[in-house]
1. Exceeding 21 Å between C-alpha atoms, which entries from my cross-link table qualify? They are B:K57/B:K136; B:K70/B:K152; B:K8/B:K70.
2. Please give the residues from segment A:105-153 for which the solvent-accessible area of heavy atoms, probe 1.4 Å, is smaller by at least 10 Å² with all protein chains in place than with the chain isolated.
3. Hey, could you pull the Cα Rg and Dmax for segment B:4-174, both in Å?
4. Could you tell me which residue out of B:G40, B:N120, B:S15 lies farthest along the dipole of segment B:4-174 toward its positive end? Charges go on the beta carbon: Lys and Arg +1, Asp and Glu -1, centred on the Cα centre.
5. Roughly how big is the B-A contact, given as buried accessible area in Å² (both sides, 1.4 Å probe, nearest 100)?
6. With every protein chain present, what is the per residue accessible area of segment B:4-174 (1.4 Å probe, Å²)?
7. Give the accessible area for A:Y48 in Å² (nearest 10); use a 1.4 Å probe, count only protein heavy atoms, and leave out ligands, DNA and RNA.
8. For B:A83, list long-range residues whose amide hydrogen, built 1.01 Å from N in the peptide plane, is under 5 Å from its own amide hydrogen.
Amino acid sequence: MDHSDTVPADGVSTNYQPDWTVLRGLSLRPGGFRKQRDQLWPRLLGVYNDEYEGRAGYPPATSTAAPSTEDEPPLPIPSPDPSPHDDEHQIKLDTERSFVLYPVDDVKDRDDLKSELHQLLVSIFRKRRKLSYFQGYHDIVTVIFLTLPKELQFPCTEKLSLHRVRDSMGATLEPVLGLLRILQKVLRLADPPLASILDRHAPLPFYALSNLLTLFSHDVATLPLIQHVFDYLLCRPPVAAIYLAAAIVLSRKSEVERLEEEGEEGMVHSLLSSLPELYEDTILDDSSSSNVTNIGASAESQTAIPSAGQAETEINPTPAYDVKEEVFELEKNCPGPRFDSGEDSFHDHQTKLEPFDDDKTLLDSETDDHGVQTTHSEDKTLVSELSTIPATPSFPLEAKHADEKVPDSPHASSHRTRVSMTSLLAHADELFALYPPTHPSLCISEIMGPQSVVHTWSETPSDLPDDDEAEAMVTHPELIVLPYIEEPEPASEDDSGMDEKDKGKTRRRKLKKPSRLGDVVVQRKLMLAGAVLALSVAMAVYGVRVGRGNEDHVADRHLKMFGSWVTGVLLAASERMIDGFGL
Amino acid sequence: MSKQYQFKLVLLGESAVGKSSLVLRFVKDQFDDYRESTIGAAFLTQTVTLEDQTSVKFEIWDTAGQERYKSLAPMYYRNANCAVVVYDITQSASLEKARTWIRELQRQADPNIVIALCGNKTDLAARRQVTQEEAKKYAEEEGLMWGETSAKTGEGVNDIFTAIAKKLPLIAPPSARGATRGAAGAPARTGVDLNKQPVAQNEPCNC
């Protein structure tokens, strides 16, 4: 096939764009993308470059065969800067103790894996020298490393780092603290009584730090489960991780309440730092179920996907989960601009599911190319219907799919909350719909700066910042997370969290003295003013983009250009200010 | 009736010196050759019963070692009764890092905090870079407790925590709740590892 006419010079074609709505539906299936990750993850990350295609036969027709990299040309990794990156010592320390979570049978195999992982990490940081390594980043990369064929590992890791994980790859942790503040606000909206307990235990939900920093890769216990989480995250905006973290916390409400009664302070942190026991809903073997279509695939890769035309995704005008009740509650309690949950492009769609056939239920355990033991699902059909997923934010603490055959772990601890991955992910979507990033109470515009991935990420690859530009953004932490604005007094211990919060909002906010740059308060304040002003514009742009399907590209492009302009002006202005203060 | 105390303990030290392994040995008497890095902080508890039947319950905050997590540390040492600052006897740079932590604790933490300097990995004594004399001298100068341990073999681990447990009730007034509510009536709670789900299928393959 020849698609050279559709591929512009930068190797990115709008033709290659995934159909985000379809993929979001697929990611909710038990098993997620299953065997199609080789194709889907690169597309979702914006890796379409002909360079990889030429070398590795990309787009790979690997939906039926396991990737084999043995006879392929060497990695298309750009010749690295030979001088070591500052973080290489730490990278070495962490890769030395990697592959703990997903056990490897053979010590030699593990040593080989470690060495390859180390090489991959070092290549990334030698090419993207402005990025900083953080402990836990190696967990993220491990998932890519164990999932994708070798030639895709570097470009996918690079894109993931630059456009989704970037906020955490600067010199400090502060951007992640910003994400934790948003999480705290989501929890306060979704379950004020629970949030009130949690707020009493810690000023921020630090127990979720590794969730947000490592995209759950440090915490999810098995490779198939973390792959499914990545399926979910990669076809949603980066901010989706916050909603997933919130869904996880909410699923443990009864455990938190029990600990609260027992008065064990640190145990709440301890409990919530580990995940509930996750499991996949039963998956059926069904060769006709590879419902990946409209991902902008070339003719070649479409033929590689069996029954591509069978995706049955329909726009459901009434979401399966009934959100009206909660919206009403919120409207009653929360003054201010209203959001419209129907605006979110990915929440009013639902993948229609195949009927349940429990004769073919199976989960396979096999060893993959890396010698890593995985419990791994073949292409299978979804069993449960999403419409059965419970809707209330008070999440079911026990699996509601009692009528289904659940692949039972013999080691399941009886007291730990069990949550099906499908219901967890659907609950995260539901939280996103109820309390979208544009929700006024989340104050995302007052927390994250215009150069946070929360604001720069786009479904359209050409709307993303250029890779080099993205890399440079980590050098301006003040544009990634805005200076911390002290919260009003937390809600009192009664359960009327909403009312308390609303009172709190009317109080005068006061600027906390910046801790790192105590001597340049004036400069920070100036920058804050500029950032907030420009950011409100940027947020308007973002809000419109979120609310828009991807059909209206022209308008979208204009808005994006405007957004880039705002960012550019802001960057220039902040540089001038920094120069002015002799920093 | 025997006395019951409850104290908050924080572990600090450079990355990969064995902080989490030390706690795992103390709390669960286990050791993993490969222990994943700590992100943020982990919380565990362990109760030590002294010869006079006094029981001391430690609420242990095990922190991440990488420099970038440093800004979180004050939250964990702020109200701590004691700190165990760990270095690796095979890495002299890790003792320098320990000194930095100790200076910070002396400046920022509760003035009554009990600080123990702990040289870990004595099972690797053949590669020793930090002599006992050097570390001990420094500890004496700064008025710190000092000990060497091997989380791998268990050598010295209980000794150092027991020494802290003996010293604390004499120095630091127990927190109000620690004095009134101990482990009475309830079996000593074993710690919970924050960073690992107890998925048993992970275990057999670590050979």
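1. From B:K57/B:K136; B:K70/B:K152; B:K8/B:K70, over 21 Å: B:K57/B:K136; B:K70/B:K152.
2. Those are A:D105, A:V107, A:R110, A:K114, A:Y133, A:F134, A:Q135, A:H138, which lose 10 Å² or more relative to the chain on its own.
3. Just the Cα atoms of segment B:4-174 yield Rg and Dmax of 14.6, 43 Å.
4. With unit charges placed on the Cβ atoms, the residue in question is B:G40.
5. By this definition, chains B and A bury close to 4000 Å².
6. Using a 1.4 Å probe on heavy atoms only, each residue of segment B:4-174 averages 39 Å².
7. Here the accessible area works out near 10 Å².
8. Placed amide hydrogens put B:V10, B:V114, B:I115, B:A116 under 5 Å from B:A83.
The values are calculated or read from the model by the stated rules, or taken from the named source; none is laboratory data. The structure presented is a predicted model; accordingly, all values stated were derived computationally and were not measured. Cβ sites come from the backbone with ideal geometry, for glycine too, and all protein chains shown count toward neighbours. For the accessible areas, the whole protein counts, side chains as well, though only heavy atoms, and no ligand, DNA or RNA atoms are used. Shrake-Rupley method; radii C 1.70, N 1.55, O 1.52, S 1.80 Å.
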